[in-house]
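Since the structure comes first, as C-alpha cells, the remarks are kept for the end.
What follows draws every value from the coordinates through simple rules; no lab data is involved. Note that the coordinates shown come from a computational prediction; the quantities given were computed from them, not determined experimentally. Cβ sites come from the backbone with ideal geometry, for glycine too, and all protein chains shown count toward neighbours.
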Amino acid sequence: MSHPEATRSGATRPKAVLIGPPGSGKSTVGAALAERLGVALRDTDADIEAAAGRPISEIFIDDGEERFREMERAAVRTALAEHDGVLALGGGAVLAAETQELLAGHTVVYLKVGLSEAVKRVGLATARPLLVLNPRSQLRRLLNERLPIYERLGTLHVDTEGRTPEEIAEQIVKEIA
Ligand SMILES: Nc1ncnc2c1ncn2[C@@H]1O[C@H](COP(=O)(O)OP(=O)(O)OP(=O)(O)O)[C@@H](O)[C@H]1O
Ligand SMILES: O=C(O)C1=C[C@@H](O)[C@@H](O)[C@H](O)C1
Ligand SMILES: [Mg+2]
C-alpha cells in the first residue's frame, strides 16, 4: 500500500538543497548550479519576502526574529515539497529542529567558508539584519553556533574559498550525478 507521505516526498524533490552561513555563496553558487542543471533556482529568503511583501530586514524590525523564523520554517516546508530544481535556504534556516528533520533524505550541499572570507564577502551590507552592527563578531558567533549543524546536515561538503562559483557548481554537478 502506498503511503501518502512516501508518495509526496518521492515525487518532487530538489536536485540539491544549499546550506551554509551568510556569504558562503548559496545564492551565487545556486544560480550557477541551476543554470548547469537546466533547472530553476528557488531561494527561501526570496519566498519569504514575496509572501510578506517586505524585505527581510523590515520583517526583522517590524515583527522580530522569532516571527521571521516561523515564516522561514513554513517557507522551507513548502519549497521542499514543491520544488524540483535547486533550493537555497536562508543561512539560519537549519537552526529549526523541524527543518533539520525535513532535510533527512535530501541531497544537502554545505558550502564552507571561513570567518575572514565570509566577512570580506558580506562586507557592510545592511541587507543582512543579523550582521548590521558588527559583521565580524556576529559572523563569528553564527559560525560557532552553526558549524556543527551544517556539518551534520550536509551530505556533501564543498570548499568555496579561492574558487569561482562556476568551479564550485561544476564540482557539485559531478558529485551529485
Ligand atoms: N566562490 C566565491 N568567491 C568569491 N566571492 C563569492 C563566491 N561566492 C559568492 N561570492 C560573493 O559573496 C557575496 C555573498 O554571496 P551570496 O549572496 O551568494 O551568499 P549567500 O550564502 O546567499 O548569503 P545569505 O545567507 O546572506 O543569503 C556576493 O557578493 C557574491 O558575489
Ligand atoms: O544567517 C541568518 O540567520 C540569516 C541569513 C539570511 O539568509 C536571511 O535568512 C536572514 O537575514 C537571516
Ligand atoms: Mg543568499
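Fully extending the segment from LEU143 to GLU117, taken as 0.36 nm per residue of separation minus the present Cα-Cα distance, adds 8.1 nm.
Over region 4-176, Cα pairs under 8 Å with separation of 6+ residues give a relative contact order of 35 percent.
Using 1/(1 + (r/R0)^6) with R0 = 30 angstrom and r between the beta carbons of ALA50 and ASP159, what's the FRET efficiency to the nearest 0.05? Display every interim value, and only then the final one.
Details: r = 32 Å, r/R0 = 1.06.
Efficiency, rounded to the nearest 0.05: 0.40.
Here, region 10-77 is characterised by an Rg to Rh ratio of 1.01, where Rg is the alpha-carbon radius of gyration and Rh the Kirkwood radius.
Residues ILE61, ILE48, ILE19 in ascending order of nearby Cβ atoms (within 10 Å, fewest first): ILE61, ILE48, ILE19.
Entry note: the chain has Rg to Rh equal to 0.95, where both radii use alpha-carbon atoms and Rh is the Kirkwood radius.
Arranged by the count of other C-beta atoms within 10 angstrom, fewest first, what order do SER137, SER57 take?
Details: SER137 12, SER57 15.
Fewest-to-most Cβ neighbours within 10 Å comes out as SER137, SER57.
Charge tally around SER116: other residues with Cβ under 12 Å, Lys/Arg +1 each, Asp/Glu -1 each, net +2. Which percent of Cα-Cα pairs in region 70-155 sits in each 5 Å bin, short to long? Percent of Cα pairs in each bin: 3, 12, 24, 22, 18, 15, 6, 0.
Beta bridges assigned by DSSP with both partners in region 4-176 are antiparallel in approximately 0 percent of cases.
Return SER116, SER27 ranked ascending by Cβ neighbour count within 10 Å, so the fewest neighbours appear first. Placing the least packed residue first, the sequence is SER116, SER27.
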